[in-house]
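All remarks here apply to the structure that follows.
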Amino acid sequence: MTFPSVSRAKGVDLLPRFLKPLLASARDLTPIVLVVALFQLLVLRQPFPDLAGLLAGLLMVLVGLTLFTKGLELGLFPIGEALAHALARRGSLGLLLVFAFALGFGTTVAEPALIAVAEEAARVAAEAGAIADAAAARHDYATGLRYTVALSVGVAVVLGVVRILKGWPVQWLIIGGYLGVVLMTAFAPPEIVGIAYDSGGVTTSTITVPLVTALGVGLASSIAGRSPLVDGFGLIAFASLTPMIFVMAYGALR
């Protein structure tokens, strides 16, 4: 007989817990909405097309962003840190590096932004005559680009893990990496350079960032003499850097 009242109590308790992140997401979205609205109404002086549809879509974005952020907090960050702690306690360097590579590769292959960019790059390359204008050729080009970027992120995460273990200064690795990007830009085919630079940006998106960041922080927290704040971050910088080099090499070898 007490079950209904318990369920109602839990529902009342969950409501404010959901409203707080919902309001935080609304606050984050407000500047974007204001900029778009001001340009549409004051600069372009045009009404919003399908206002009801836009409001419904905005509501979906608000709820989706709230759930996504809460999901990161409850799921991806804890599991990434827990795995890093467990692997560090086992003391197996080989297993840790294999996991780091698999994490970087697997999350990047599944990255929605990378899939979209790879498909768009294949379409444009076909229209420009760089590849055959056929579905199979476009698919092969997009798949090759995706796996090249995923391979580069796997290598980047391994490099970041080694940096944490060794205590290497992150700035020197980043400087050296960007010098490599500049050198590769001089020798890579011009049509691949822009795609390579964009590939570095799309890897650091919704799936890759939470897990890779959690891995770095968890690993730095598990090693004596390492600071999670100083040493735990920086893996995302490598994940943005290495795809540029790998994709330009991919374009030069095709």
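The values are calculated or read from the model by the stated rules, or taken from the named source; none is laboratory data. Being a predicted model, the structure only gives us computed values, none of them experimental. Positions of Cβ are backbone-derived with ideal geometry, glycine not excepted, and every protein chain shown enters the neighbour counts. Heavy atoms of the whole protein, side chains included, go into the accessibility calculation; ligands, DNA and RNA do not. Shrake-Rupley method; radii C 1.70, N 1.55, O 1.52, S 1.80 Å.
In the condition set (1) closer than 12 Å to residue 238 by Cβ; (2) free of Cβ contacts under 8 Å to residues at least 24 places away in the same chain; (3) buried (at least 17 other Cβ atoms within 10 Å of the Cβ), residue 152 is compliant with all but (2).
For residue 197, indicate whether it is farther than 14 Å from residue 245 by Cβ, open to solvent by 40 Å² or more (accessible area, probe 1.4 Å) and within 18 Å of the chain's Cα centre (by Cα). The answer is no for residue 197. Taking the criterion of being of a type in the set (Ser, Thr, Tyr) and touching a Ser or Thr at 6+ places or on another chain (Cβ under 9 Å), the only residue of segment 151-179 that qualifies is 152. Just one residue in the set 224, 220 is more than 17 Å from residue 250 (Cβ to Cβ), part of a helix (DSSP H, G or I), out of contact with any Ser or Thr (no Cβ under 6 Å at 6 or more places or on another chain) and among the hydrophobic types (A, V, I, L, M, F, W, C); that residue is 220.
Exactly one residue out of 206, 143, 148 is under 24 Å from residue 119 (Cβ atoms), β-branched (Val, Ile, Thr) and outside any helix (DSSP H, G or I): that is 206. Residues in segment 156-188 that are touching a helix residue (DSSP H, G or I) at 6+ places or on another chain (Cβ under 6 Å), open to solvent by 50 Å² or more (accessible area, probe 1.4 Å) and either outside any helix (DSSP H, G or I) or closer than 19 Å to residue 105 by Cβ (or both): 159 only. The residue that is modelled with the lowest pLDDT, counting only those in segment 82-105 that are open to solvent by less than 70 Å² (accessible area, probe 1.4 Å) and more than 19 Å from residue 153 (Cα to Cα), is 91.
With the structure loaded, tell me whether residue 34 is under 18 Å from residue 207 (Cα atoms) and surrounded by fewer than 11 Cβ atoms within 10 Å (Cβ to Cβ) or whether it fails that test. Outline the logic, then answer.
On the way: under 18 Å from residue 207 (Cα atoms): no; surrounded by fewer than 11 Cβ atoms within 10 Å (Cβ to Cβ): yes.
Against the criterion (under 18 Å from residue 207 (Cα atoms) and surrounded by fewer than 11 Cβ atoms within 10 Å (Cβ to Cβ)), residue 34 does not qualify.
Of the residues making up segment 206-232, those that are surrounded by fewer than 18 Cβ atoms within 10 Å (Cβ to Cβ) and touching a residue at least 60 places away in the same chain (Cβ under 8 Å) are 206, 221, 222, 223, 226.
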